[in-house]
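Enquirer: Right, I'll just put the structure down here and ask away after.
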Amino acid sequence: MATTITIFKRFERLWHWLQALLILLLLATGLELHGLFSLFGFNTAVQLHDWAGFIWLALLVLVFSWIATTGEWRQYKPSFDGVPATLKYYAYGVFKGQPHPHHMTVANKFNPLQRLGYIAILFVMLPVQIFTGLMFFFFPELRAAGWLQQIDWIAIIHTLNAYALLSFLVIHLYMITFGATLGAHLKAMVTGKEQIDSK
Amino acid sequence: MKIYFAAFVCAALAISPVDAVTNTSQAEPAPVISPQNSTADHSKFEILDDEFDFAPDVTEACLECHTEAAQQIHQTPHWRWAAKVDGKMVGKSQNGYNNYCVAARGNSSCSQCHTGYGWRNDDFDLEAEENVDCLVCHDTTGTYKKSAKMSGHPYYEDTQVGDQLIKGVDLRKVAQSVGLPSRQNCLACHANGGGGNGVKHGDTDMSLVDPVHELDVHMSADKLNFSCQTCHSTSGHQISGRYNGKKAFLDDQLDMGRHERLGNNVSCESCHSNRPHDERQLDNHTSKVACTSCHIGEMARGPYPTKLSWDWSTAGELKDGKPFSQDIEIDGVHVHQYMSKKGTFTWGRNVVPEYRWYKGELLQKSLSDVIDPNQAPIDINPPTGDYDDPDAKIWPFKIHRGKQPYDTENNTMLPIYLVGKKGSGALWSDFDWAKALAAGAALNEMEFSGQFDFIESNGYWPIKHMVAPAEQAVACEQCHARGGRLESLDGFYLLGRDGSTWVDLLGAVMVFGGLAGVGGHSAYRYVSYRRRNASNRKQHDNQYDDQQQD
């Protein structure tokens, strides 16, 4: 029997798509500022990057408040349970047509790999990116105050983390095709609704 | 008499401003700055209504009323051509050198541009008041010209200099018309130093007499119409500006010590403040980047090119035993490319400057300094400072590349004796390097081993004039890029230029590795899906066949 549940709440969907937009813009402008290509022009890229960064910061403040107050934090409790089975599925089972070992529920929406991945992204990578971005933005003030004389390490961490996020984006876009149908997860992130096997 | 005149013409030809750059179009003289509300009309002064036939007599007349003027002049770099730096006098009158004609001392024609009369040799009396030349700065008629041959005296009689006939000066008329110095007065020397228009500075040439707005927003008559003294404010003949021992700017705050600044220093920030953009990111640049770095994107943007290099080592080539010169045309202006007397030159218009850290002072080396030939090119007057120095900013420079003689035994730069009669050893008469260097060394009280060669050198010229309109400011990408304008400056992380090669490699591995992984996985997923479907169909067909058989 298949039933339909609302897996992604309205705020969550808004967060996701706004963040998607911001990250794409931040990646495009950031990589341009790093000198990899020319798209908006340096001055415009700086302005867009700064604005997008601060909007993202505001969004993340809302996100963390939401996670903390709605009990969603339970989805992010670190655990290695089921990780080997999930890895085995992606490395072997999927080619044999086996079903995904994880059963999605409202209270447990991430599979074991997703859970670890999103803990790393949400609680490590994004804060590091925002923090180094803020250091970068306020470097003139920090230097004037005598707290920071050189920006090189901050810049290098910011760049490395951006590459890691871009790499995540590539894999993320592939992993969303592992739903009941190729487009099922994508559809879920738009409508919030996902069909699951009820047992 | 004939020989004397010929030698005179030759010498004048060699030194005079017209030798290097032949103006194809004479700039219109800008309006003379002469306050209409002056309380004194010099044409009414009896003491000036005289048949002067000797310029120092005019000076004595001036000093009858302006009793302190000569004393004031005596204190200035315009007069001393040297100043005390760390307890030692440094300047072209003593021991300073450059990579143009190398040394002024010993070359009596260089004092054509001295604010005095007759500085021919070390016997010149620097304390004599009547030796001060008031008129070179205060002439408003445009008829007062100083002679190289006569070491700064005006042309008293009609004189042919090159293809120009310079009329003998009417000292009564000049004396009766004195006024505040105009651009022509300043530029007569400051635009033509080193042997011609645009030779020395990359940002100061005769086009500043009447510049268009695109060339100089401050001096263009369209808008602000600044005189030189609007920025180079004066007090008691002390003129603000950089010199040995005197920094180009003391602060970067708006109006900080403005009154004290009169005659002392000058900075963009004293009028514009150090946060003039109304845009945080741009304003943040001002603590490390000079205004000029972005707002003077190219040097020599007027009609005249500026000299970029001077190679003395090729000098001395003669045609039929006679010196010659070869011109090139740069955008309609003829300049020398080769001269038997001077060697080989290169020139440029709209030249992108080079950038260095600068604290408003240049470390002027002297002829007594020992050089290390392995360190060539030798920095003659390098700017100082680095990223960590709060007083230093990134400044644009014209770096004039020279190749000039040095003593290979003593490792010192060698001055050249240039102008003299045939047989005197002067380079421009005898074309004998060994003799010219020996004479130059003797006149500068230096040792000369007799062994010499030529060595590359850098002369630094901070760029600060010819400020372009704001919309022509240097674009971000010009510096914030790999291989950009600031490529050679290190010691700090520059966005768009810098990065860690390892991080970029790691990033490439992560991103392209991810793409490859996704590609491989999805391909195999598709293949295995097709295979499964096919075997399912086969199974299904087999089942169907079985059923049929039943």
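Every number in this text was worked out from the coordinates using simple rules, so none of it is lab data. Quick caveat, the model's predicted, so the values are computed rather than measured. Glycine also receives a Cβ, built like all others from the backbone with ideal geometry; neighbour counts cover every protein chain displayed.
Enquirer: With angles folded into 0 to 90 degrees, how steeply does helix B:55-65 sit against the dominant principal axis of chain B? Use alpha carbons for both and round to 10.
Expert: That helix lies at roughly 90 degrees to the long axis.
Enquirer: For B:Tyr144, B:Tyr338, what ranking results if the residue with the fewest other Cβ atoms within 10 Å of its Cβ goes first?
Expert: By the 10 Å Cβ count, ascending: B:Tyr338, B:Tyr144.
Enquirer: Could you name the lysines in cross-link range of A:Lys109, using Cα to Cα under 17 Å and dropping any fewer than eight places away on the same chain?
Expert: A:Lys9, A:Lys77, A:Lys187, A:Lys193, A:Lys199
Enquirer: Would you kindly state how much longer the chain becomes between A:Leu36 and A:Leu14 on full extension, computed as 0.36 nm times their sequence separation minus their alpha carbon distance, in nm to one decimal?
Expert: Additional length available on full extension: 4.9 nm.
Enquirer: So, one more: Cα axis of helix B:501-549 to longest principal axis of chain B: angle in degrees, 0 to 90, nearest 10?
Expert: 20 degrees
Enquirer: Can you sort B:Val212, A:Val94 by how many other beta carbons sit within 10 Å, fewest first?
Expert: Ordered from fewest to most neighbouring Cβ atoms within 10 Å, B:Val212, A:Val94 come out as B:Val212, A:Val94.
Enquirer: Now a separate question. In straight Cα distance, which aspartates and glutamates are under 16 Å from B:Lys422, not counting same-chain residues fewer than 8 positions off?
Expert: In chain and number order, the partners are B:Asp430, B:Asp432.
Enquirer: I've got another one for you. Rounded to a whole number, what is D in µm²/s for region A:2-197 from Stokes-Einstein with the Kirkwood radius over alpha-carbon pairs (25 °C, 0.890 mPa s)?
Expert: 131 µm²/s
Enquirer: Then there's this: Just to be sure I understand: with springs between alpha-carbon atoms less than 10 Å apart, which residue in A:Gln149, A:Gln19, A:Gln75 has the highest mean-square fluctuation in the Gaussian network model of chain A?
Expert: A:Gln149
Enquirer: Given points 7 Å out from each Cα along the Cα-Cβ axis, report the B:Asp50 to A:Thr181 separation in nanometres with one decimal.
Expert: Rounded to a tenth, the inter-label distance reads 11.0 nm.
Enquirer: What is the Cα centroid distance between region B:414-434 and region A:122-165, reported in whole angstrom?
Expert: Going from one Cα centre to the other spans 63 Å.
Enquirer: Please work out how much length the chain gains when fully extended from B:Arg401 to B:Ser424, using 0.36 nm per residue of separation minus the C-alpha to C-alpha distance, in nm with one decimal.
Expert: Taking 0.36 nm per residue and subtracting the Cα distance, the gain is 5.3 nm.
Enquirer: Can you tell me the Rg and the Dmax, both Å, for the Cα atoms in region A:55-123?
Expert: Rg, Dmax (Cα atoms, Å): 14.6, 45.
Enquirer: While we're on this one: With everything on Cα atoms, drop me the angle between helix B:2-15 and the longest principal axis of chain B, reported from 0 to 90° to the nearest 10.
Expert: On a 0 to 90 degree scale, this one is about 30.
Enquirer: Right, next: Select from B:Pro276, B:Pro181, B:Ala436 the residue farthest towards the positive end of the dipole of chain B; place +1 on Cβ of Lys and Arg, -1 on Cβ of Asp and Glu, and compute about the Cα centre.
Expert: B:Pro276
Enquirer: Hey, with R₀ at 25 Å, roughly what FRET efficiency would B:Lys88 and B:Asn374 work out to, going by the Cβ-Cβ distance, to 0.05?
Expert: Here the calculated transfer efficiency is 0.45.
Enquirer: Residues of A:30-38, mean number of Cβ from any other protein chain within 10 Å of their own Cβ, rounded to a whole number?
Expert: Per residue, the number of nearby Cβ atoms from other chains is 4 on average.
Enquirer: Here's something else I'd like to know. Work out the mean other chain Cβ neighbour count within 10 Å for the residues of B:473-483 and drop it here as an integer.
Expert: 3
Enquirer: If you consider only alpha-carbon coordinates, what radius of gyration and Dmax does the protein assembly as shown have, in Å?
Expert: Calculated on Cα positions, Rg and Dmax stand at 37.7, 143 Å.
Enquirer: What is the distance in Å between the Cα centroid of region B:460-484 and that of region A:3-67?
Expert: Here the two parts' Cα centres lie 33 Å apart.
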